[in-house]
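Trainee: Before I ask anything, let me first share the structure, which is written out below as structure tokens.
The values are calculated or read from the model by the stated rules, or taken from the named source; none is laboratory data. Source: prediction; values computed, not measured. Ideal geometry is used to build each Cβ from the backbone, glycine not excepted, and the neighbour counts take in all protein chains shown.
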């Protein structure tokens with residue numbers, strides 16, 4: 001009986017899962033200052049005394065755009081948009097990418113800058129998002145410490161508190177841009193922010 005119930009529920013679970021679209025485009029950020037040739041877009045600010053480390057290479061920012069479709073039950077369901085054109089902007093650089101896409105951006109570790117994203121797609125209003133770099137080293141430790149229960153969590157937080165973020169790895173979370181269809185303000189459900 002249990003096997004029968006599982007065999008009936010498994011297809012429903014698979015149908016209910018939305019699979020992310022594969023990355024269609026990978027681009028690189030371009031310096032806004034044409035005199036920058038090595039990708040170190042914050043070199044002048046570092047030379048002026050700002051606390052900015054040497055360029056560590058590049059980090060990847062994944063950009064995905066979504067809208068809501070109304071399904072038969074009448075409830076909205078998040079659906080990925082395959083061809084939104086997006087602009088990224090941060091201190092010292094800009095980039096363009098088509099969703100779902102990835103952009104190589106300058107990696108300054110703890111000094112990596114906030115990235116603003118705006119996307120446009122046919123029959124949709126412009127969507128906006130921003131992403132900032134997070135401390136991947138501390139995040140990884142927290143994940144490992146969680147398996148050790150309360151003692152593990154406490155031990156990891158003590159280590160993280162004594163940690164020097166200047167030595168840690170930083171990464172960007174995916175930029176998830178939510179877009180509304182044109183005329184959404186005239187519908188019963190209105191426009192949504194996510």
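Trainee: So how many residues does segment 84-99 have that are closer than 21 Å to residue 182 by Cα, within 15 Å of the chain's Cα centre (by Cα) and surrounded by fewer than 22 Cβ atoms within 10 Å (Cβ to Cβ)?
Mentor: 2
Trainee: State whether one or more residues within segment 67-83 are on the phi < 0 side of the Ramachandran plot, in a strand (DSSP E or B) and crowded, with 22+ Cβ neighbours inside 10 Å.
Mentor: Yes.
Trainee: Looking at (1) modelled with pLDDT of 90 or more; (2) part of a strand (DSSP E or B); (3) crowded, with 16+ Cβ neighbours inside 10 Å, which is the only condition residue 39 fails?
Mentor: (2)
Trainee: Then there is this: Test each condition in (1) modelled with pLDDT under 65; (2) in a strand (DSSP E or B) for residue 130 and report the one that comes out false.
Mentor: (1)
Trainee: I'd like the full set of residues that are exposed (fewer than 11 other Cβ atoms within 10 Å of the Cβ), outside any helix (DSSP H, G or I) and at pLDDT below 75, limited to segment 173-194.
Mentor: Within segment 173-194, 188, 190, 193, 194 meet the criteria.
Trainee: Identify the single condition in (1) loosely packed, with under 15 Cβ neighbours inside 10 Å; (2) free of Cβ contacts under 8 Å to residues at least 40 places away in the same chain that residue 56 does not satisfy, given that it satisfies every other one.
Mentor: Of everything listed in (1) loosely packed, with under 15 Cβ neighbours inside 10 Å; (2) free of Cβ contacts under 8 Å to residues at least 40 places away in the same chain, residue 56 misses just condition (2).
Trainee: Considering only residues that are surrounded by 10 or more Cβ atoms within 10 Å (Cβ to Cβ) and either at pLDDT 95 or above or closer than 20 Å to residue 97 by Cβ (or both), which ones fall in segment 6-35?
Mentor: Scanning segment 6-35 gives 20, 21, 23, 24, 25, 26, 27, 28, 29, 30, 31, 32.
Trainee: Right, residue 113: surrounded by 16 or more Cβ atoms within 10 Å (Cβ to Cβ), in a loop (DSSP other than H, G, I, E, B) and either under 14 Å from the mean Cα position of the chain (by Cα) or at pLDDT below 95 (or both) or not?
Mentor: For residue 113, the condition - surrounded by 16 or more Cβ atoms within 10 Å (Cβ to Cβ), in a loop (DSSP other than H, G, I, E, B) and either under 14 Å from the mean Cα position of the chain (by Cα) or at pLDDT below 95 (or both) - is met.
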